[in-house]
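See structure below.
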Amino acid sequence: MNEKLPDLTGKGLLISAKRDGFRRGGIAHPVKKTLRPAADFSEEQLRQILAENGKDLTVEIVDFKKVEAPKRPAAAESKKGQKPDEKGKKQKAQGNKEPKQANRAENENTPAEGGK
């Protein structure tokens, strides 16, 4: 029970549960593999999680330097990021102006019609 933990400096745990929401170490683990820095866990949590490996959890110790983030094409990222923002800004700007213009038109017509 008091086994020495491996050196987890600069390491992460790639954890997946056999059933979604399985709790170990005070944390609900999803079925989807999740990478968490080992430094996020206390020594007791690490013992509990590692003890569950091969049972209800699958735990892989990985070196963060060797884990690559998913790559996305730069062109697609910039297009997706810019176009909705530009459209959103135009719509917001138009949306803010239109009610004011409509109100002005109504206000201008109302006194003139009342005076006739």
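Filter the stretch 1-59 for residues that are aliphatic (A, V, I, L, M), surrounded by 12 or more Cβ atoms within 10 Å (Cβ to Cβ) and assigned to a strand (DSSP E or B) and give the result.
Those that are aliphatic (A, V, I, L, M), surrounded by 12 or more Cβ atoms within 10 Å (Cβ to Cβ) and assigned to a strand (DSSP E or B): 13, 14, 15, 17, 27, 35, 57, 59.
Residue 64: of a type in the set (Phe, Trp, Tyr) and more than 20 Å from the chain's Cα centre (by Cα), yes or no? Walk me through how you get there before you give the answer.
Details: of a type in the set (Phe, Trp, Tyr): yes; more than 20 Å from the chain's Cα centre (by Cα): no.
No: the conditions fail for residue 64.
None of the figures in this text is laboratory data; all of them are computed from the coordinates on show. Treat the numbers as computed from the prediction; the structure is a model and nothing was measured. Positions of Cβ are backbone-derived with ideal geometry, glycine not excepted, and every protein chain shown enters the neighbour counts.
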